[in-house]
Amino acid sequence: MEKTIITISREFGSGGRTIGRMIADKLGIPFYDKELVDQIAVESGFAPKYVEEHGEHSPSGSLFAYAFTPQGVPGVMNGLSTADFLWNIQCRVILQLAEKGPCVIVGRNADYILKDHPEALHVFVFADIPYRAERIVRRYGESEKAPEQRLAEKDKRRRVNYQHYTGRTWGQAQNYDICLDTGVLGIEQCADIVVGIVEKSREGK
C-alpha cells in the first residue's frame, strides 16, 4: 500500500517540525503545521494562538484538568467543553486534509485521528534531554525556566492531552510505524529515512 499521508508526532525540541517540512519539500507535497492551526482557528472561531496552545496540550500536567474546562454555550458549541469542541473541529479538519491528497501533518494527535487510514505512515521523533535542551535554547533562546524544565512541562502536557483523547500512551512505539532518534541519526537522515519508506511504498503500487 502506498504511503501518502505522513503524520509526525514529536517530543519538544527533537526537530519533528523541521523533519516534517523537509519530508514535504523532498516529496513535493503539502505541509500542515501552522497552516493547520490557522484552518482550525477559522472553523472553530478560536484565535490561532489559542488553538496552537490548546490543540495538543492539556490545560495542565494532570488528567483532572479536563474535568474543569469551561462548558460551551448550547447551540454554539453543542454544550461541549471548549477543549472537546476544539478536539472535534481538529479531527474534522485533519480528516479533510487527508482526503484532499498526499501531505505531511505535524502534531495535533493526527497519528490517532488517522490511525485507520490505509495510506498513512505514522512517525514519532524523539531524542535525549541534553540534545533537546541545547536545541531549544539555540532556537528559542533562554527563559526564566531551565531548558530541562521547559522540556518536561511541555511534553507532560502533550502526553496528558494525548491520553485523554486517545486512551493511548504518547510516545509508545506500538502506536507508530517508525520511531526516530534525531540525537543519534541527525535531522537530515531522519527525513531521508521517511522519504525512502514513502518512495519504496510507491514502487509496490
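The values are calculated or read from the model by the stated rules, or taken from the named source; none is laboratory data. Here the structure is a predicted model, which is why all the values come from computation and not from measurement. Using ideal geometry, Cβ is built from the backbone for each residue, glycine included, and neighbour counts are taken over all protein chains shown. These area figures cover heavy atoms from the full protein model, side chains too; ligands, DNA and RNA do not enter into them. Shrake-Rupley method; radii C 1.70, N 1.55, O 1.52, S 1.80 Å.
Details
- Subtracting the Cα-Cα distance of Lys145 and Gln163 from their residue separation scaled by 0.36 nm leaves 3.9 nm.
- For the chain, the per residue solvent-accessible surface stands at 49 Å², with DNA, RNA and ligands left out and a 1.4 Å probe.
- Restricting attention to the chain, close to 5% of DSSP beta bridges with both partner residues there are antiparallel.
- Applied to region 17-31, the Karplus parametrisation 6.51 cos²θ - 1.76 cosθ + 1.60 on θ = phi - 60° returns per-residue 3J(HN,Hα) values of 5, 4, 4, x, 5, 5, 4, 4, 5, 5, 8, x, 10, x, 10 Hz, with x for Gly and Pro.
- Its residue count N fixes a reference of 2.2 N^0.38 Å for region 1-64, and the Cα radius of gyration divided by that reference is 1.31.
- Extension gain, Ile178 back to Lys200 (0.36 nm per residue minus Cα-Cα distance, nm): 6.5 nm
- Largest first and in whole Å, the equivalent-ellipsoid semi-axes of the chain read 27, 23, 14, each the square root of five times a Cα gyration tensor eigenvalue.
- From phi via Karplus (6.51, -1.76, 1.60), per-residue ³J(HN,Hα) for region 3-15 in Hz, x at Gly/Pro: 9, 10, 10, 10, 9, 10, 9, 7, 6, 4, x, 7, x
- Square roots of five times the Cα gyration tensor eigenvalues for region 117-167, Å: 26, 15, 8
- Helical mean residue ellipticity (222 nm; -39500 (n - 2.57) per DSSP H run of 4+; nearest 500) of the chain: -16000 deg cm²/dmol
- Largest accessible area first, the listed residues Arg202, Arg132 line up as Arg202, Arg132 when surface is computed with a 1.4 Å probe on the assembled protein chains.
- Contact order normalised by residue count of the chain, Cα under 8 Å, 6+ apart, percent: 38 percent
- Springs join every pair of Cα atoms under 10 Å in this Gaussian network model of the chain, and among Arg17, Arg150, Arg108 the largest mean-square fluctuation is at Arg150.
- Carbon plus sulfur fraction of accessible area for the chain, probe 1.4 Å, in percent: 54 percent
- Across the alpha-carbon set of region 101-205, the Rg to Rh ratio works out to 1.00, Rh being the Kirkwood radius.
- The residue list Gly171, Ser81, Ser201 was ranked by how far each Cα lies along the charge dipole of the chain toward its positive end, using unit charges on Cβ atoms, and Ser81 comes out on top.
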